[in-house]
Amino acid sequence: MEVDAAGAIRDLRGDEEDPFSRGYVCPKVMGLVDVHTDPDRLTTPVRRRGGDWEPIGWEEAFDLVASRLREIRRRHGKDAVAVYQGNPTAHNLGLLTYGQLFLRRLGTRNLYSATSADQLPHMLSSLLMFGNQLLLPVPDLDRTDYFLVLGANPVVSNGSIMTAPDVKRRLTDLRKRGGRLVVVDPRRTETARLADRHHFIRPGADSLFLLGLLHTLYEENLARPGRLRAALRGEDELRRLAGDFAPERTASATGIAAGDVRTIARELAAAPTAVVYGRVGVCTQEFGGLSSWLINAVNIATGNLDNPGGAMFSRPPVDLVKLADLVGMRGSFARFRSRVRGLPEFGGELPVSCLAEEIETPGPGQVRALVTSAGNPVLSTPNGARLDRALPSLEFMVSIDFYRNETTRHADVILPPTFALEHDHFEIAAFAVSVRNGARYFPPLFPRRADQRHDWEICLELASRLEFPDNTLGRAAGSALRRAGHRLGPVGIIKAAMAFGPYRRRGLTFDRVARAEHGVDLGPLEPCFPDGLHTKDGKIDLAPAAYLGDLARLSARLREEPSELVLIGRRQLRSNNSWLHNSQRLVKGKPRCTLLVHPDDAGRIGIATGDTARVSSRAGTAEALVEVSDEIMPGVVSLPHGWGHARPGTALRVAAATPGTSVNDLTDENFLDLLSGTSGFSGVPVAVERA
Ligand SMILES: Nc1nc2c(c(=O)[nH]1)N[C@H]1C(S)=C(S)[C@@H](COP(=O)(O)OP(=O)(O)OC[C@H]3O[C@@H](n4cnc5c(=O)[nH]c(N)nc54)[C@H](O)[C@@H]3O)O[C@H]1N2
Ligand SMILES: Nc1nc2c(c(=O)[nH]1)N[C@H]1C(S)=C(S)[C@@H](COP(=O)(O)OP(=O)(O)OC[C@H]3O[C@@H](n4cnc5c(=O)[nH]c(N)nc54)[C@H](O)[C@@H]3O)O[C@H]1N2
Ligand SMILES: [Mo]
């Protein structure tokens, strides 16, 4: 870090001696510096009075929030208080520890998070096949000979459920050592440009493509599950059902020629090691559940699950899988259903697609209050516009966030935590899904001011005030919790968790990690099955009943006439979901929130680059700037998410000057993966015309 005489940050550089990142830093890093110094960032609590905001003290803010939430719970029951947790939770030690203590212990069924707008299908397949929602397979990127990427763009996203700093170099290395990269995506992405081959696929058709791969593997007698064969259950069933999905039969629905599918299947089987990897594009679509299952099934059928160069499992120093087992959180599915639409619970949470209707629909169990933490669901969830309209009807809303943005502007109180550069970091989640085992601790880069609070302190304080009945005994218990929490802190929890971790015998303690200036390298991934399976019978279920039941929905879709035009998303290097657009240096340049349209479609519609198009879906209408390009598949248009900063009442001056359009004013809360409840951001039917 370079700091000038006035104490301002001039430059941030990577750590070249970090064995893991080798000095690579994401281009968004300077954006973090901008957030740190952003005059729009809140550092003290604020309270809304009508359209005006006034700063208040922490004591007053905590009192207000605790008394309002208590009172609403007393009148309407626990389910009347909903919770939404956003994406930064996963990288925030305080929110992963004390955040869960407060938010999950509110005891509401109306628990929502970005999970159901993201990786839920992967967690579901891990639960149903391996017995624990956190046993997430990770591609062994540095050792594989064949990398088939479906619905992911790691060159831009930097890898997701695949911690792999400088993924671009790793992909180039793969090809240098003679390996092959094949990308299947409705857009010729930045990752596809590095690939040996790229195939367009119709959005939502991945499960048909994957069934075509399985069909070929079985029909041509190429399936070789190898070492894990004895641990498999349901192989005959899988083989039988794949029999119905010959690639010749599904080619028109997927847009991928049968010959190409067969070639990929043969290459997967012939490669010494190979791995199929799928991310957001295969999850947030109509058949996200089936897709995740089938990705695992292909990796198993080719003998690549849990073997070097295939899909493996990280072993982090904080063993989340084991901890989840210990505290009874190995996962759950459809234990209960949402009140209004009957969508299934997963891991104690309900799909975020049903949050708005749970607020709007009267009756017992109606949501009356909302706590949001590190999330911006108005911009990031399907039909965010409907949620935006529903939020003002709440009796009370509190947001733990340092921005007054499209969501938090509806709050009655905003409790701003310190920002990432003002607290320490110990990545639990990232190393749980890392392509190489490791650990790293970062102390804070800047001290916080005395009047600032960390996320964990805010959550601990609210838990202490809310957890117990409002009597003398309750208050004593609250103080005891507060004292214990402050004594332990988030690091105390890490220390305790590491004492249960897999490296304790090798003497890896928190202090050792903290002292290792460049991080600790714990070596390549190692096989862990069948011992590491968490299923009751110790086997991998290749044909879970939930998926078999969902195949009829897929077959019905195969018979339907496809929509003429469908919408997908697009991640961009200088954005991170909705919250880095208040950084001038990240938003400058030509407008990026553009609607990509294929030249054939543009010609038919009569629009050209630079025109404004009106896009409409069942959910709504929005205008967007057109960019004609053949990098997008014919019949598909793409709009990035996280934009739409023109809403009144926010305090984001830079973002408001380059607002863009929110794609989630077009996505549809009724268009989703009905099996898992995951939001459908890909393949939304739309109409486009010249505005
Ligand atoms: N159409 C479409 N929609 C999508 C997606 C898509 O691909 N297409 N992607 C989906 C995915 S994968 C995700 S993960 C979700 C993300 O959905 P959300 O998590 O709801 O949205 P973010 O934009 O990440 O909002 C993060 C919020 O947290 C705040 N914040 C940042 N750091 C911290 C912190 O340390 N503490 C606290 N308390 N607050 C913090 C920011 O100010 C911001 O308000 O969006 C989903 N929405
Ligand atoms: N720069 C940047 N980095 C990020 C983020 C960001 O916003 N900006 N967000 C972070 C978050 S929260 C996450 S979850 C990760 C996500 O990480 P990734 O999943 O790698 O990122 P995406 O760019 O969403 O990749 C999804 C791809 O799926 C394709 N796609 C869409 N529909 C389909 C389909 O039906 N089938 C197939 N096969 N492909 C489809 C899209 O064209 C896109 O290329 O990235 C993280 N990193
Ligand atoms: Mo995400």
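The values are calculated or read from the model by the stated rules, or taken from the named source; none is laboratory data. In this text the structure is predicted, and so the values were computed from the model without any measurement. Counting neighbours? That spans all protein chains shown, and the Cβs are built from the backbone with ideal geometry, glycine included. Accessible surface areas use protein heavy atoms only, side chains included; no ligands, DNA or RNA. Shrake-Rupley method; radii C 1.70, N 1.55, O 1.52, S 1.80 Å.
Among the residues making up the range 95-109, those that are open to solvent by less than 10 Å² (accessible area, probe 1.4 Å) and not aromatic (Phe, Trp, Tyr) are Leu95, Gly99, Leu103, Leu106.
Of all helices (runs of 4 or more DSSP H) completely enclosed by the range 307-423, which ones contain at least 1 residues that are open to solvent by 40 Å² or more (accessible area, probe 1.4 Å)?
Values: elements: 320-326, 355-360, 377-380, 384-390.
Where helices (runs of 4 or more DSSP H) fall fully within the range 307-423 and carry at least 1 residues being open to solvent by 40 Å² or more (accessible area, probe 1.4 Å), they are 320-326, 355-360, 384-390.
Checking the range 433-451 against the condition returns no match, with no residue being closer than 24 Å to Val83 by Cα and in contact with a Ser or Thr (Cβ under 8 Å, 6 or more places away or on another chain). Restricting Leu554, Leu548, Leu595 to those that are among the aliphatic types (A, V, I, L, M), in contact with a strand residue (DSSP E or B) (Cβ under 9 Å, 6 or more places away or on another chain) and modelled with pLDDT of 95 or more reduces the list to Leu595. For the range 114-162, which positions are of a type in the set (Gly, Ala, Ser) and either within 13 Å of ligand 3 (Cβ to nearest atom) or touching a Gly at 6+ places or on another chain (Cβ under 8 Å) (or both)? Listed by number, the residues that qualify are Ala114, Ser116, Ala117, Ser125, Ser126, Gly151, Ala152, Ser157, Gly159, Ser160.
Give the residue, chosen from Asp600, Asp611, Asp665, that is surrounded by 15 or more Cβ atoms within 10 Å (Cβ to Cβ) and either closer than 29 Å to Ala356 by Cα or touching a Pro at 6+ places or on another chain (Cβ under 6 Å) (or both). Outline the logic, then answer.
Details: Asp600 fails: surrounded by 15 or more Cβ atoms within 10 Å (Cβ to Cβ); Asp611 fails: either closer than 29 Å to Ala356 by Cα or touching a Pro at 6+ places or on another chain (Cβ under 6 Å) (or both).
Within the list Asp600, Asp611, Asp665, the selection yields Asp665.
Close Cβ contacts (under 6 Å, 6 or more residues apart or on different chains) running from residues in the range 143-165 that are open to solvent by 10 Å² or more (accessible area, probe 1.4 Å) to residues that are more than 16 Å from ligand 3 (Cβ to nearest atom) and assigned to a strand (DSSP E or B) comprise Thr163/Ser434. For the range 45-89, residues that are in a helix (DSSP H, G or I), more than 16 Å from ligand 3 (Cβ to nearest atom) and open to solvent by less than 30 Å² (accessible area, probe 1.4 Å) total 8. Being modelled with pLDDT of 95 or more and charged (D, E, K, R) is the filter here; which residues of the range 402-439 pass it? Scanning the range 402-439 gives Arg404, Glu406, Arg409, Asp412, Glu422, Asp424, Arg436.
May I ask you to list the residues in the range 265-280 that are within 16 Å of ligand 3 (Cβ to nearest atom) and open to solvent by 20 Å² or more (accessible area, probe 1.4 Å)? Correct list: Val280 only.
When Gly94, Gly107 are checked against the criterion of being away from ligand 3 (no atom under 16 Å from the Cβ) and at pLDDT below 95, Gly107 stands alone in meeting it.
If a residue must be more than 16 Å from ligand 1 (Cβ to nearest atom) and touching an Asp or Glu at 6+ places or on another chain (Cβ under 7 Å), how many such residues does the range 203-232 contain?
Start the filter on the range 203-232 by keeping residues that are more than 16 Å from ligand 1 (Cβ to nearest atom), which leaves 205, 207-232.
Next, from what is left, pick out any that are touching an Asp or Glu at 6+ places or on another chain (Cβ under 7 Å): 228.
Within the range 203-232, residues that are more than 16 Å from ligand 1 (Cβ to nearest atom) and touching an Asp or Glu at 6+ places or on another chain (Cβ under 7 Å) number 1.
Whenever a residue of the range 184-200 is modelled with pLDDT of 95 or more and surrounded by fewer than 21 Cβ atoms within 10 Å (Cβ to Cβ), its partners that are in a loop (DSSP other than H, G, I, E, B) and basic (Lys, Arg), lying with C-beta atoms within less than 6 angstrom and at least six residues away or across chains, give the pairs His198/Arg188. Is it true that some residue in the range 512-533 is closer than 23 Å to Ile458 by Cβ, modelled with pLDDT of 95 or more and not polar (S, T, N, Q)? No, every residue in the range 512-533 fails to be closer than 23 Å to Ile458 by Cβ, modelled with pLDDT of 95 or more and not polar (S, T, N, Q). For the range 378-406, a tally of residues being within 16 Å of ligand 3 (Cβ to nearest atom) and not small (Gly, Ala, Ser) returns 3.
So is Asp521 more than 14 Å from ligand 2 (Cβ to nearest atom), over 30 Å from Asp40 (Cβ atoms) and in contact with a Pro (Cβ under 6 Å, 6 or more places away or on another chain) or not? The answer is yes for Asp521. Given the criteria more than 16 Å from ligand 1 (Cβ to nearest atom), open to solvent by 10 Å² or more (accessible area, probe 1.4 Å) and assigned to a helix (DSSP H, G or I), does Leu127 qualify? Yes. Of the residues Gly523, Gly478, Gly474, the single one that is among the small types (Gly, Ala, Ser) and in contact with a strand residue (DSSP E or B) (Cβ under 8 Å, 6 or more places away or on another chain) is Gly523. Could you tell me which residue of the range 617-672 is farthest from ligand 3 (Cβ to nearest atom), considering only residues that are free of Cβ contacts under 8 Å to residues at least 60 places away in the same chain and among the β-branched types (Val, Ile, Thr)? Applying the filter and picking the extreme gives Val628.
Looking at Arg262, is it open to solvent by 40 Å² or more (accessible area, probe 1.4 Å) and either touching a Gly at 6+ places or on another chain (Cβ under 6 Å) or assigned by TED's automatic domain parsing to the domain that holds His199 (or both)? Judged against the criteria, Arg262 is not a match. Beta carbons closer than 6 Å, at least 6 apart along the sequence or on distinct chains, pair a first residue in the range 87-116 that is under 24 Å from Gly365 (Cβ atoms) with a second that is within 13 Å of ligand 1 (Cβ to nearest atom) and among the aliphatic types (A, V, I, L, M) for Phe102/Leu462; Leu103/Val83; Leu111/Val83; Tyr112/Val352; Tyr112/Leu355; Ser116/Val352.
Within the range 288-305, the presence of at least one residue that is in contact with a His (Cβ under 8 Å, 6 or more places away or on another chain) and closer than 11 Å to Ser207 by Cα is confirmed.
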